[in-house]
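Written out below as structure tokens is the structure these notes cover.
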């Protein structure tokens, strides 16, 4: 049915946006950690 297909597509979109948000947060944490490490190294 069309409604089932729409729900499936909507769930895929929600899942993809959730994955993107998770990856962005992970990259942010990694860049913060590497920045801290670099500052300690330079002192």
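Read-outs: derived from the displayed coordinates by stated rules, not from any lab. Just so you know, these numbers come straight off a predicted model, no measurement behind them. Cβ: placed from backbone, ideal geometry, glycine included. Neighbour counts: every protein chain shown.
Computing semi-axes √(5λ) of the Cα gyration tensor in Å for the structure here picks out one of [x] 42, 4, 4; [y] 27, 12, 9; [z] 19, 12, 8, namely [x].
In this calculation the C-beta distance from residue 31 to residue 10 is compared with R0 = 35 Å, giving a FRET efficiency of 0.65.
For the chain, the longest principal axis of the alpha carbon atoms and the long axis of helix 2-42 meet at an angle near 0°.
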